Amino acid sequence: MTDTIFALVTTWGALVIFASSFLSCLALPIPTSLMMLSGGAFVAAGDLALWQVIAGAWGGAILGDQTGYLIGRHGGAPLVERIARTPARSAVLNRARGLVDKRGGLGVFFSTWLFAPLGPWVNFIAGTTGLGWLRFTFWDVLGETIWVTIYVGLGFAFASQIEAVSDILGSAVGLLAALAVAAAMAIWIRGALKAQKARRAVEP
């Protein structure tokens, strides 16, 4: 995988980083994080300009997020539900909805870098639920700036150890995603218990 990514970045430079960043924000399974790490490594080697890599990754992410938001806004809930027909996608969509409902703009912010696997689904849901565009854009730009800085920066700093860094970050993201799911389940269970308790209190 790493060799393939290196070959793509060598051939297409910041353009392929832009494309991967854009498409991954629309829920396509593309290793954008590894693309950005590779881009940072090529910057360290002097083969790419830093501004090109950052502009490609950041611009693709912002454009992809905006596209996902507009899909949700104009396509509505039926279109988003159609996108998530499989049980796995439906579960992720529900987690994204819970994050937006509970955190609003902060949910968008955290989904861009801390809980990145939820990011594309949060974009759809943010548009569907009517989260204001300016509010969405503010938190999205802030979060994507952190995401791009982290991965390109790590690629630059650890240019000779890209594969090891990618494995470590992949495990960390997976752990954070699992913690997010566990937290969402705990919140749901707590709410259900409160509702059940409230119903019992009003029963004669």
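The values are calculated or read from the model by the stated rules, or taken from the named source; none is laboratory data. Because the structure is predicted, anything quoted here is derived from the model rather than measured. Note that we place each Cβ from the backbone using ideal geometry, even for glycine, and neighbour counts take in every protein chain shown. What goes into the accessible areas is simple: the full protein's heavy atoms, side chains included, and nothing from ligands, DNA or RNA. Shrake-Rupley method; radii C 1.70, N 1.55, O 1.52, S 1.80 Å.
Over all Cα atoms in region 10-68, the spread is summed up by Rg and Dmax: 10.8, 34 Å.
The mean of 1/r over all pairs of different alpha-carbon atoms in region 27-102, once inverted, gives a Kirkwood hydrodynamic radius of 14.7 Å.
Of the solvent-accessible surface of region 1-45, computed with a 1.4 Å probe and all protein chains present, 73% belongs to carbon and sulfur. Its Cα centre serving as origin, region 53-154 has a Cβ charge dipole (Lys and Arg +1, Asp and Glu -1) of approximately 320 debye. The length gained by stretching the chain between residue 49 and residue 81 to full extension, at 0.36 nm per residue less their Cα-Cα distance, is 7.4 nm.
With θ taken as phi - 60° and the Karplus curve 6.51 cos²θ - 1.76 cosθ + 1.60 applied, the whole-hertz 3J(HN,Hα) list for region 47-63 is 8, 10, 7, 4, 5, 5, 5, 5, 5, x, 5, 5, x, x, 5, 5, 5 Hz, x standing for glycine and proline. Qualifying trypsin sites (Lys or Arg not before Pro) in region 58-138, where qualification requires a DSSP coil assignment and no more than 10 other C-beta atoms within 10 Å, comprise 85. Qualifying chymotrypsin sites (Phe, Trp or Tyr not before Pro) in region 99-152, where qualification requires a DSSP coil assignment and no more than 10 other C-beta atoms within 10 Å, are lacking entirely. Each 5 Å bin from 0 upward holds the following percent of the Cα-Cα pairs of region 1-133: 2, 12, 20, 20, 16, 12, 10, 7, 2, 0.
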